[in-house]
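The structure under discussion appears below in the form of structure tokens.
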Amino acid sequence: MNIVVIGAGYAGTVAANRLKRKAPDTRITVVNPREVFVERVRLHEQLAGSGTAARPLTEMLRDGIAVETASVDKIGDGVVTLDDGRNLDFEHAILAAGSIANPLPGAIPVGTWEGAEQARIALEALPAGGIVTVIGGGLTGIETAAEVAEARPDLRVRLVSDTVGAALSPGAQRHIRTTLARLNVEIVAGQIAEIDGTTLRLGSGAELDSGLTLWAIISAVPALAARSGLAVDVDGRALVDASLRSVTDPRVFVVGDCAAVPGMRMACATAAPQGAHAADTLARMIEGGDPRPFSMGYGGQGLSLGRRDGVLQTTDRADTAQRLYVSGPVAAFTKERITRYAAYASRTGNSVWISGPKQ
Ligand SMILES: Cc1cc2nc3c(=O)[nH]c(=O)nc-3n(C[C@H](O)[C@H](O)[C@H](O)COP(=O)(O)OP(=O)(O)OC[C@H]3O[C@@H](n4cnc5c(N)ncnc54)[C@H](O)[C@@H]3O)c2cc1C
């Protein structure tokens, strides 16, 4: 059976490796635009120069899995068309194309490999005293501001957002603000409406000077699903049935950030179990079994605040923050272990998760 996996991020590599283990006779081809596996959760380290986010893709995939370095332009009727014009036939496809950012012109997105590399080069060139503005007060923005401030204490770093870590408990939010203050990160409440060279205009009309402006909001997904005629939601995520198959074409599983799964947040903590579930389902179907519904619950959220501090926020299965959180070096150490586990799960396909909240 021919299986094409579109995208070699967390969801795609877990799916390919797990399926190859469970159904060794399947012909699996992974299509990815670059020859490296990008640990997206380390992109803030990559850009700050404190870590590396790329590993050779061949090291991440089991023997016998074919790789095509290309982008998929279109998913058709049992065939994907690559951007170099070639076609690959499939009996089943796994769409795992992740998410992208839509930055305001003049800002560099930190959530993509290309953006993080551009940011790293720009940051290296920024002289002492330069101002770095990070836009977005979600976990990516907080991690980026803290990482840059710790790695480059000679720069002025600010974070612009109406909220900072709004999904976390009040105690965790307080710890983040205290740590950002310790790292001399200035928090500016507001939203950037326009970027004009080195001038940032806020919605309020106020203006800020910025030598380097980083966009840390991940809000969009690649247009591939919509372009291919698969049903999508208002954000362009592919609509799926209970077993993560496109509602338009059940031959196509959709997993990770680009899948519209109710109650799921865009996270590698979500992507890996979904990729694993798609592999399990396909292996079962190859044996003549039926697809089973996907169910997954959350247990917490982790973020780094530089290399020596962090926050581990406990959540219920529906991902709502609870009062209990851990911070400081223990949280930083554990977050690093979680990050390593995510790469391990991708390389081996050994993902474990808990079931979702009772309806
Ligand atoms: C700085 C940062 C920190 C983060 N920290 C955390 C964290 O601590 N915990 C957490 O759970 N999540 C975190 N996230 C979010 C997490 O990285 C994503 O949710 C996760 O990477 C999604 O996995 P994925 O497999 O769906 O997509 P991705 O990892 O984005 O992989 C998608 C792959 O598909 C490829 N692709 C795209 N289009 C095509 C195409 N047309 N053809 C072929 N290939 C294509 C992409 O190039 C990419 O290689 C963080 C994100 C960032 C940016």
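Some values worked out for this structure:
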read-out	value
V261 over 21 Å from E39 (Cα atoms), within 18 Å of the chain's Cα centre (by Cα) and without any contact (Cβ under 8 Å) to a residue 60 or more places away in the chain	yes
Options E68, E59; residue that is at pLDDT 95 or above, of a type outside the set (K, R), assigned to a strand (DSSP E or B) and outside the structural domain of W113 (by TED's automatic domain parsing)	E68
Conditions (1) in contact (Cβ under 8 Å) with a residue 24 or more places away in the chain; (2) more than 27 Å from R21 (Cβ to Cβ); number of the one not met by D83	(1)
Unique residue being more than 23 Å from the chain's Cα centre (by Cα), in the same structural domain as E114 (by TED's automatic domain parsing), more than 19 Å from R308 (Cα to Cα) and at pLDDT 95 or above when the list is S210, S204	S210
Residue within segment 289-311 that is more than 22 Å from the chain's Cα centre (by Cα), under 21 Å from R174 (Cβ atoms), modelled with pLDDT of 95 or more and not acidic (D, E) present	yes
Residue tally, condition open to solvent by 40 Å² or more (accessible area, probe 1.4 Å) and not aromatic (F, W, Y), over segment 337-359	11
Flag if V4 is open to solvent by 10 Å² or more (accessible area, probe 1.4 Å) and modelled with pLDDT of 95 or more	no
Residues of segment 118-138 classified as touching a residue at least 60 places away in the same chain (Cβ under 8 Å), surrounded by fewer than 24 Cβ atoms within 10 Å (Cβ to Cβ) and either within 16 Å of V160 (Cβ to Cβ) or more than 13 Å from the ligand (Cβ to nearest atom) (or both), total	7
Odd one out for N102, checked against (1) in a strand (DSSP E or B); (2) more than 13 Å from the ligand (Cβ to nearest atom); (3) under 23 Å from F37 (Cα atoms); (4) among the polar types (S, T, N, Q)	(1)
Candidate set from segment 15-47 (those that are aliphatic (A, V, I, L, M) and more than 8 Å from the ligand (Cβ to nearest atom)); member that is nearest to K335 (Cα to Cα)	L47
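One line per residue, one yes/no per condition, for (1) β-branched (V, I, T); (2) surrounded by 14 or more Cβ atoms within 10 Å (Cβ to Cβ); (3) in contact with a Cys (Cβ under 8 Å, 6 or more places away or on another chain):
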| residue | (1), (2), (3) |
| --- | --- |
| G51 | no, yes, no |
| T58 | yes, no, no |
| G64 | no, no, no |
| D84 | no, no, no |
| L88 | no, yes, no |
| L95 | no, yes, yes |
| N102 | no, no, no |
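The values are calculated or read from the model by the stated rules, or taken from the named source; none is laboratory data. Model, not experiment: these values are computed from the prediction. Cβ sites come from the backbone with ideal geometry, for glycine too, and all protein chains shown count toward neighbours. Surface areas here come from the heavy atoms of the whole protein model, side chains and all, with no ligands, DNA or RNA. Shrake-Rupley method; radii C 1.70, N 1.55, O 1.52, S 1.80 Å.
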